[in-house]
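S.K.: What follows is a structure written as structure tokens; I'll ask about it next.
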Amino acid sequence: MKRLSEERAKILFEKLAKFIGPNVKQLIDRPDGTYCFREHRDRVYYVSEKILKLAETFNPNQLVCVGTCFGKFTKSNKLKLHITALTYLAPYAQYKIWVKPSFEQQFLYGNHVPKSGLGRITENTPQYAGTVVYSMSDMPLGFGVAARSTADCKLADPLATVCFHQADIGEYIRSEDTLF
Amino acid sequence: MDVVQEVLEKQKRDLERYKPIIVEKHLEVRNDVGMMLCSDPNDLDEKVLKENKEDYLRELTRDNVQLLINEIWELPTERVDECIVAKLPAPTTVLPRIRKVPGPRALTKWEKFAKEKGIKKKKKDKKKFDEVLDKWVPTYGYRKADAEKQKEWVLEVPKNVDPMEDMFQKKIDVRNEKVAKNEIQRMKNIVRAKKIDAPRAGYLGPEVADSKTLRTVATVAKASTASVGKFQEKLPNEKQARGIGVKELIPGTKRKASHIGGESEKEENLALIKSILNKKPKIDVERAISLQKRDDRIERDQEQAGGGGKKKSKKGGRKGRGGAPKSGKKPKGGMGQRAVKKGGSGRKRR
């Protein structure tokens with residue numbers, strides 16, 4: 001358990017800003033207590049200070065996980081967000097994509113969203129913006145990156161990818177052992 | 001006649017109550033009596049299964065259990081305390097292991113070293129001829145200590161040693177120390193084989209400890225006063241112990257700072273977020289090009305519309321009505337906005 005270095009904190013916030021924009025502030029500046037980001041075995045955890053104080057008493061070698069795992073730093077120092085971060089990304093999401101019920105399962109198996117699977121999309125989504133993927137009944141399913149802007153989506157052919165898959169809730173089962 | 005009928009009817013009722021012990025099966029069931037296991041290779045009747053799953057499965061299970069029981073009854077039985085008991089044979093079904101097969105034992109430190117250097121274990125003779133005692137003496141074990149006692153009934157006191165020291169006791173001490181050291185090494189080997197973090201062994205005595213441990217011990221001892229070694233005199237060229245985890249041992253040194261940051265961390269993070277959010281966006285080249293193109297097109301359209309109205313207004317360079325645009329490309333329909341209001345007549349038709 002250690003604080004994120006300046007460099008890594010920057011990488012983290014940049015990544016989060018892609019998805020939730022200025023709402024990143026609200027993750028840090030919460031009225032219901034102090035929350036912070038901690039690094040443990042290259043993974044980033046979002047922990048309340050109360051829990052952190054309790055966790056401090058444990059030997060770091062024996063500590064598996066504290067709080068919510070947001071993602072993992074790769075060897076080349078890039079942050080990969082995990083699906084566990086969805087709980088915090090979904091309510092603040094700036095750009096959203098809704099997938100058709102017929103495509104929900106495909107998405108949950110880790111496939112990109114083609115235009116044929118696209119139900120709705122937030123207006124003026126720019127290209128390569130971080131988007132949260134919802135089912136048509138407004139259940140967050142995962143997140144990805146918009147492959148095309150909203151305007152381009154209208155012109156795209158049905159098989160063209162609209163959203164690149166990054167994480168989906170199917171990972172809770174598929175990669176259970178590496179997630180937390 | 002009545003009696004016979006009654007008896008027959010009673011038997012019929014009995015038969016209805018109890019199911020037959022003979023079960024017909026399409027394929028024979030495989031029984032492993034030792035494991036009390038019955039496996040049925042027959043296919044399930046899909047139709048009945050769909051109609052009445054519970055009853056069908058119950059019936060099927062009963063039949064199979066009946067077959068198993070039949071086989072158990074064929075075994076020799078005996079009576080133990082009012083109970084009829086059959087001795088089951090050894091099971092034939094091989095079940096998979098729960099855990100993986102244990103691998104080869106990890107080598108001890110000496111075994112590893114000997115293997116590297118190619119040192120082979122030499123077998124010692126069980127008995128050696130002792131010339132002092134003039135008889136065969138065991139190399140180890142039973143009666144070895146006895147022989148030793150007989151042989152060394154007197155011990156020499158070297159010149160450089162305190163003459164009052166008990167040499168016999170010293171010998172015992174040396175031996176005990178060796179045993180203790182061996183025990184520690186045995187423990188270390190176990191720890192190494194299990195791949196767990198071994199606790200610090202601490203100070204093992206002047207014979208065993210290396211210079212690094214000695215220095216650590218000296219530094220720790222020096223700092224272990226009421227004033228954490230502040231008023232302790234320093235030796236010339238004395239060095240402070242260093243290394244991984246040494247600092248934690250020395251009393252009085254600063255503890256590791258708690259990683260709970262408090263307000264300052266929050267402020268720092270907020271400042272960092274602010275700087276990220278306020279970052280000026282990079283030039284979107286694609287968008288810039290498309291904007292530039294649009295502006296060019298509007299300008300061109302304007303020019304063309306103007307050229308249509310007043311002939312040869314500019315240098316007379318362009319001939320004919322609305323000659324080809326400078327870029328040489330055909331204007332495409334449906335791209336961008338046309339300056340309808342400004343031009344008035346729209347795109348020229350050829």
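S.K.: If the limit is 18 Å between Cα atoms, which of A:LYS15/A:LYS96; A:LYS25/A:LYS78; A:LYS15/B:LYS279; A:LYS18/B:LYS279; A:LYS25/B:LYS279; B:LYS127/B:LYS178 go over it?
M.R.: Working: A:LYS15/A:LYS96 16 Å; A:LYS25/A:LYS78 21 Å; A:LYS15/B:LYS279 14 Å; A:LYS18/B:LYS279 13 Å; A:LYS25/B:LYS279 15 Å; B:LYS127/B:LYS178 23 Å.
Going by Cα-Cα distance, A:LYS25/A:LYS78; B:LYS127/B:LYS178 fall outside the 18 Å limit.
S.K.: Measuring from centroid to centroid over Cα atoms, what is the spacing of the stretch A:60-80 and the stretch B:162-206 in Å?
M.R.: Cα centres, the stretch A:60-80 to the stretch B:162-206: 42 Å.
S.K.: Count neighbours as other Cβ atoms within 10 Å of each site's Cβ, and list the GluC sites (Glu not before Pro) in the stretch A:1-94 that are DSSP loop with at most 16 such neighbours.
M.R.: On the way: sites: A:GLU6, A:GLU7, A:GLU14, A:GLU39, A:GLU49, A:GLU56; in loops: A:GLU56.
Taking the stretch A:1-94 and a limit of 16 other Cβ atoms within 10 Å, the loop GluC sites (Glu not before Pro) found are A:GLU56.
S.K.: Would you mind calculating the relative contact order of the stretch B:76-229 from Cα pairs under 8 angstrom and at least 6 residues apart, reporting the percent as a whole number?
M.R.: Numbers: 60 pairs, mean separation 17.0, N = 154.
Averaging sequence separation for qualifying contacts and normalising by length gives 11 percent for the stretch B:76-229.
S.K.: Determine the alpha carbon to alpha carbon distance for each of B:LYS122/B:LYS194; A:LYS2/B:LYS194; B:LYS144/B:LYS171; B:LYS188/B:LYS212; A:LYS72/B:LYS282; A:LYS154/B:LYS280 and list only those over 22 Å.
M.R.: Working: B:LYS122/B:LYS194 29 Å; A:LYS2/B:LYS194 28 Å; B:LYS144/B:LYS171 16 Å; B:LYS188/B:LYS212 19 Å; A:LYS72/B:LYS282 27 Å; A:LYS154/B:LYS280 29 Å.
The answer is B:LYS122/B:LYS194; A:LYS2/B:LYS194; A:LYS72/B:LYS282; A:LYS154/B:LYS280.
S.K.: Assign one of three labels to the stretch B:98-239, namely rounded, prolate or oblate, based on the Cα gyration tensor with a ≥ b ≥ c the square roots of its eigenvalues; rounded applies when a/c is under 1.5, prolate when it is not and a/b is larger than b/c, and oblate otherwise. All intermediate terms of the calculation are to be shown ahead of the outcome.
M.R.: Working: a/c = 2.81, a/b = 1.19, b/c = 2.35.
Verdict is oblate for the stretch B:98-239.
S.K.: Report, ordered by chain and residue number, the aspartates and glutamates lying within cross-link reach of B:LYS222, taken as a straight Cα distance under 18 Å and ignoring same-chain residues fewer than 8 apart.
M.R.: List returned: B:GLU233, B:GLU238, B:GLU248.
S.K.: Using a 10 Å cut-off around each Cβ, can you sort B:LEU67, B:LEU214, B:LEU15 from fewest to most neighbouring Cβ atoms? Provide the component values of the computation, followed by the final result.
M.R.: Working: B:LEU67 20, B:LEU214 13, B:LEU15 10.
In order of increasing Cβ crowding within 10 Å: B:LEU15, B:LEU214, B:LEU67.
S.K.: Enter the Cα centre distance for the pair the stretch A:87-135 and the stretch A:29-51, rounded to the nearest angstrom.
M.R.: 27 Å
S.K.: For chain A, what is the Kirkwood hydrodynamic radius in Å, using each pair of distinct C-alpha atoms? Walk me through the numbers on the way to the answer.
M.R.: On the way: mean 1/r = 0.0585 Å⁻¹.
Taking every pair of different Cα atoms in chain A, averaging 1/r and inverting gives 17.1 Å.
S.K.: Apply the Karplus curve 6.51 cos²θ - 1.76 cosθ + 1.60, θ = phi - 60°, to the phi angles in the stretch A:161-168 and return the couplings in whole Hz, x for Gly and Pro.
M.R.: Each residue's phi maps through the Karplus curve to give 6, 9, 9, 7, 6, 10, 8, 9 Hz.
S.K.: Mind checking the alpha-carbon convex hull of the protein assembly as shown and giving the volume per residue in Å³? Provide the component values of the computation, followed by the final result.
M.R.: Working: hull volume 286.0 nm³, N = 530.
That works out to 540 Å³ per residue.
S.K.: Right, here's the next one. Pairwise over distinct Cα atoms, reciprocal of the mean inverse distance: report the Kirkwood radius of the stretch A:91-174 in Å, one decimal place.
M.R.: Values: mean 1/r = 0.0817 Å⁻¹.
Computed over the stretch A:91-174, the radius equals 12.2 Å.
S.K.: HN-Hα J couplings of the stretch B:298-304 from phi, Karplus 6.51/-1.76/1.60, θ = phi - 60°, integer Hz, Gly and Pro as x?
M.R.: Here the 3J(HN,Hα) series is 4, 4, 4, 4, 4, 4, 4 Hz.
S.K.: Hand me the trypsin sites (Lys or Arg not before Pro) from the stretch B:56-103 located in a DSSP loop with no more than 14 other Cβ atoms within 10 Å, in residue order please. Walk me through the numbers before you get to the answer.
M.R.: Working: sites: B:ARG58, B:ARG62, B:ARG79, B:LYS87, B:ARG97, B:ARG99, B:LYS100; in loops: B:LYS87, B:ARG97, B:ARG99, B:LYS100.
Filter output for the stretch B:56-103: B:LYS87, B:ARG97, B:ARG99, B:LYS100.
S.K.: Just to confirm my numbers, what's the Cα centroid distance between the stretch B:19-78 and the stretch B:134-148 in Å?
M.R.: Cα centroid of the stretch B:19-78 versus Cα centroid of the stretch B:134-148: 70 Å apart.
S.K.: Right, something else. Dipole of the stretch A:61-146, Cα-centred, from +1 at each Lys and Arg C-beta and -1 at each Asp and Glu C-beta, to the nearest 20 debye? Walk me through the intermediate numbers first.
M.R.: Working: 8 positive and 3 negative charges, 62 e Å.
So the magnitude is around 300 debye.
S.K.: Got a sec? Charge dipole of the protein assembly as shown, +1 on Cβ for Lys and Arg, -1 for Asp and Glu; which of B:ALA305, B:VAL285, A:GLN62 is way out at the positive end?
M.R.: B:ALA305
S.K.: Related question: Restricting to DSSP H runs of at least four residues, report the calculated mean residue ellipticity at 222 nm for the protein assembly as shown, -39500 (n - 2.57) per run over all residues, nearest 500 deg cm²/dmol.
M.R.: Details: 18 runs with 199 residues, N = 530.
Helix-only estimate at 222 nm: -11500 deg cm²/dmol.
S.K.: Give me, ordered by chain and number, the residues 5 or more places off A:VAL44 or on other chains with an amide H under 5 Å from its own placed amide H.
M.R.: Amide H neighbours of A:VAL44: A:PHE70, A:GLY71, A:LYS72, A:PHE73.
S.K.: Here is a further query. Seen from all sides and averaged, what is the projected area of the convex hull of the Cα atoms in the stretch B:14-86, in nm²?
M.R.: Numbers: hull surface 26.9 nm².
Convex hull of Cα atoms, orientation-averaged projection: 6.7 nm².
S.K.: Need the list of aspartates and glutamates near B:LYS293 for cross-linking: C-alpha distance under 19 angstrom, and skip anything on the same chain fewer than eight residues off.
M.R.: A:ASP152, B:ASP284, B:ASP301, B:GLU303
S.K.: Counting other beta carbons within 10 Å of each residue's own, what order do B:ILE283, A:ILE169 fall into, fewest first?
M.R.: Values: B:ILE283 8, A:ILE169 17.
If I rank by nearby Cβ atoms, fewest first, I get B:ILE283, A:ILE169.
S.K.: Amide H neighbours of B:LYS128 under 5 Å, counting only residues 5+ apart in sequence or on other chains, H built in-plane at 1.01 Å?
M.R.: Here B:VAL137, B:THR139 satisfy the definition.
S.K.: Give, rounded to the nearest 20 debye, the magnitude of the charge dipole that the protein assembly as shown has about its Cα centre when Lys and Arg contribute +1 at Cβ and Asp and Glu contribute -1 at Cβ.
M.R.: Numbers: 111 positive and 73 negative charges, 1298 e Å.
With only Lys, Arg, Asp and Glu charged at Cβ, the dipole is about 6240 debye.
S.K.: For the stretch B:201-254, what D do you get in µm² per second when you plug the Kirkwood radius from alpha-carbon pairs into Stokes-Einstein at 20 °C and 1.002 mPa s?
M.R.: Working: Rh = 11.8 Å.
Using the Kirkwood radius from Cα pairs, D works out to 181 µm²/s.
S.K.: From other protein chains only, count the Cβ atoms within 10 Å of every residue's Cβ in B:265-273, then give the mean. Mind showing how you got there, number by number?
M.R.: Numbers: counts 8, 7, 1, 4, 12, 4, 0, 9, 12.
Across B:265-273, the average partner-chain Cβ count within 10 Å equals 6.
S.K.: Moving to a separate point now. Counting other Cβ atoms within 10 Å, which GluC sites (Glu not before Pro) in the stretch B:128-210 have at most 11 and lie in a DSSP loop?
M.R.: Details: sites: B:GLU131, B:GLU148, B:GLU152, B:GLU156, B:GLU165, B:GLU177, B:GLU183, B:GLU207; in loops: B:GLU131, B:GLU152, B:GLU156, B:GLU165, B:GLU207.
Filter output for the stretch B:128-210: B:GLU131, B:GLU156, B:GLU165, B:GLU207.
S.K.: Determine the relative contact order of the stretch B:201-254: mean sequence separation of Cα pairs under 8 Å and six or more apart, normalised by residue count, in whole percent.
M.R.: Working: 32 pairs, mean separation 19.8, N = 54.
It rounds to 37 percent for the stretch B:201-254.
S.K.: Amide H neighbours of B:ARG30 under 5 Å, counting only residues 5+ apart in sequence or on other chains, H built in-plane at 1.01 Å?
M.R.: B:SER39
S.K.: Is there a quick way to get the dipole size of the stretch B:59-186? I mean about its Cα centre, with the Cβ of Lys and Arg at +1 and of Asp and Glu at -1; what is the value in debye to the nearest 20?
M.R.: Numbers: 31 positive and 23 negative charges, 247 e Å.
The calculation lands at about 1180 debye.
Read-outs: derived from the displayed coordinates by stated rules, not from any lab. Owing to the predicted nature of the structure, the values given are computational and were not obtained by experimental measurement. Heads up, the Cβs are rebuilt from the backbone with ideal geometry, glycines too, and the neighbour counts pull from every protein chain shown.
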